[in-house]
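Nothing in this text is a laboratory measurement; each read-out follows from the coordinates by a stated rule. Small disclaimer: the values here were computed from a predicted structure and weren't measured. Virtual Cβ from ideal backbone geometry, glycine too; neighbours counted across all protein chains shown.
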Amino acid sequence: MDHPGRALDPATIAVTSGRPPRTPDGPLNTPIVRASTYHAGGPVGYGRTGNPSWSAFEEALGALEGGTAVAYASGTAAACAALALVPRGATIVAPVHAYLGSQAILNAGVADGSYAEVRRIPTGDTHAMARACEGADLVWVETPANPTLDIADLDAIVAAAHAAHALVVVDATFATPLVLRALDKGADVVVHSATKFLSGHADLLLGAAVAIESTLVDSLLTFRSLRGAVPSPSDTWLALRGLRTLALRVERAQHNAGILAARLHQHPAVSRVRYPGLASHPGHDLAAAQLRGFGAIVSVELAGGRAAADRLCAAVRVWVHTTSLGGVESTLERRRRWPDESVEVPESLVRLSVGIEAVEDLWDDLAQALD
Ligand SMILES: *Cc1c(COP(=O)(O)O)cnc(C)c1O
C-alpha cells in the first residue's frame, strides 16, 4: 500500500499490510484457510506449495523487511532453507556465539560432509570477519547475537562477503525488522524465528526467510515444498495477529530493557551487563549507528557466580523462569543450564528477555530476587 510522497512507517506497515482487498463485506483479515488441496487449474494446487493464510503473514513480513518472505514450520527450518542456498562442500563463516540450534545445524553439517569448513569468528571482530570471508560461500551473521549481544558491523561484513562472492544471511530474530532492516544493508537473506518477537505471545513455532533476489526466493520456496517444512495455517494467522502490535510491543519492551539494563549496571550483585544500549557495551557505537533502538534482550553476569544466577531464576515472581524470548512476558534463564551452550558463555550469565509489563514491577521483582 503506497502513500503518496513518503514511505509508510513500519508501525503502520505492520498494521496495514497482508490484508485482503477492500471489497464490500469482505473480511478485514485473511481467515485461517484449512485446505490440503485446491481445485485444479491454479498455480498452487496442493497445500504443501501454498496457503492464503501463509501468504498474508508473508506479505506483511516481506513489507516490513523490504523483500519477499517465505514462512516455515520454525525458525530452525528457515535457517536450514537459508543454509541450503549453497552447494555441498561449501565454506561457511559463522559466529562464535549464536543461537544454539543454528550452531548445531552447522556442526552437524561439518560432521556429515555438507560443509568443507565452518570458520567461527567473534561477531564483534570486524577485521577477522572480513578476513574470513575470503574463499567463503556463505557468511552467517546474528546481530545482536545470542546470548552475548555481540553487534556485527553489517556494512563492513556485507562488503567483504560480496567482494568474495559469498552470500550473507542475517538471523535478525533478536532485532526484528523494526530495529534492523538487513536487506537494506545489502544482506542477501534475513532469517527469523517468528516464534519470538514477530508473533510475540509464546504460543506457536514459526520461522521465515526473506530475500529480494528472485533466484534466492525460488530456492527458499523450493526447499519448503520439497522438504515439507511447511507452517500451519493457524500459526501464520496467529503470528500475523501478533505482528499487528509488533511496533507497540518492541517500543515498550526496549524502553523497559534500557531502564533495567542501566539499573542492573549499578547493582552490586551484578558484575557485568551486556546490553547494546549501554555505553559500556563494546558494540554500542555500532549499534547506535546501524540499528534503530537496542532491542529487548539483556544479559547479566552475577557476582555470586552460578549459584547466585540459579537463585535469581528461582526467586522471581513476575518474571518467568523459562527458555525462549521475545514474548509479551518477561523471561529469564541461566544459559549454561543447557549442556550444549558454549563454555565461553560464563556460568553466571542470565539472559533476560524483557517484556511489556510496567517497568517498575519488573524492577521490583528483579531487585527482590537479587537480594
Ligand atoms: C529461537 C531462535 C531460532 C530458532 O527458532 P525456532 O522457531 O525455535 O526453530 C533461531 N535463531 C534465534 C536467534 C532464535 O532465538
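Three principal axis extents of the range 1-148 based on alpha-carbon atoms, in descending order, are 57, 41, 26 Å. Which of rounded, prolate or oblate describes the range 151-266 when judged by the alpha-carbon gyration tensor and an a/c cut-off of 1.5? Oblate, because a/c is 1.5 or more while a/b does not exceed b/c.
Overall shape of the range 212-270 was characterised from the C-alpha gyration tensor. The equivalent ellipsoid obtained from it has semi-axes of 39, 16, 12 Å, in decreasing order. By the compact-protein rule of thumb, 2.2 N^0.38 Å, the alpha-carbon radius of gyration of the range 61-109 corresponds to a ratio of 1.28.
Overall shape: prolate for the range 1-45, with the ratio a/c of the largest to smallest alpha carbon gyration tensor axis at 1.5 or above and a/b above b/c.
3J(HN,Hα) along the range 9-14, derived from phi through the Karplus expression 6.51 cos²θ - 1.76 cosθ + 1.60 where θ = phi - 60°, amounts to 5, x, 4, 6, 4, 4 Hz, with x in place of Gly and Pro. Near the amide H of ARG119, within less than 5 Å, lie the amide hydrogens of ILE92, VAL93, ALA94, all on another chain or at least 5 residues away, with H placed in the peptide plane.
Tell me the net charge near GLY101. Cut-off is 12 Å between Cβ atoms, GLY101 excluded, with +1 for each Lys or Arg and -1 for each Asp or Glu.
Details: positive: none; negative: GLU142, ASP171, ASP340, GLU341.
The answer is -4.
The translational diffusion coefficient of the range 238-354, from Stokes-Einstein at 25 °C and 0.890 mPa s with a Kirkwood hydrodynamic radius over alpha carbon pairs, comes to 164 µm²/s.
Rounded if a/c is under 1.5, else prolate if a/b is larger than b/c, else oblate: which is the range 329-371, with a ≥ b ≥ c the root eigenvalues of its Cα gyration tensor? Could the numbers behind the result be given before it?
Working: a/c = 3.77, a/b = 2.07, b/c = 1.82.
It comes out prolate by the Cα gyration axes.
Its relative contact order, with pairs defined as Cα atoms under 8 Å and 6+ residues apart, puts the range 147-256 at 21 percent. Structural descriptor for the chain: relative contact order 16 percent, calculated from alpha carbon pairs under 8 angstrom and at least 6 residues apart. Each residue of the range 37-45 is assigned a 3J(HN,Hα), and the resulting list reads 8, 10, 4, 4, x, x, x, 8, x Hz, derived from the Karplus form 6.51 cos²θ - 1.76 cosθ + 1.60 (θ = phi - 60°), x at Gly and Pro.
Among DSSP beta bridges whose residues both lie in the chain, state the antiparallel percentage, nearest 5. Intermediate results must be reported in sequence, preceding the final value.
Working: 24 of 42 bridges.
Antiparallel: roughly 55 percent of the beta bridges in the chain.
Expressed per residue, the C-alpha convex hull volume of the range 133-217 stands at 100 Å³. Debye sum, Cα scatterers, the chain, no solvent: what log₁₀ I/I(0) at q = 0.08, 0.12 1/Å? For the chain at q = 0.08, 0.12 Å⁻¹, log10 I(q)/I(0) is -0.40, -0.89. Applying both filters, DSSP loop and at most 13 other Cβ atoms within 10 Å, to the trypsin sites (Lys or Arg not before Pro) of the range 289-371 gives ARG317. Each Lys and Arg Cβ is given +1 and each Asp and Glu Cβ -1; about its Cα centre, the range 232-327 then shows a dipole of about 200 debye. Take every Cα pair under 8 Å whose residues are at least 6 apart in sequence, average their separation, divide by the length of the range 293-371, and the relative contact order is 38 percent.
Using the Kyte-Doolittle scale, find the helices of the chain whose mean hydropathy is at least -0.5 and whose Cα atoms extend 24 Å or more along the helix's long axis, counting only whole DSSP H runs. Walk me through the intermediate numbers first.
Values: long enough: 246-266 (30 Å, -0.07).
The answer, listed by residue number, is 246-266.
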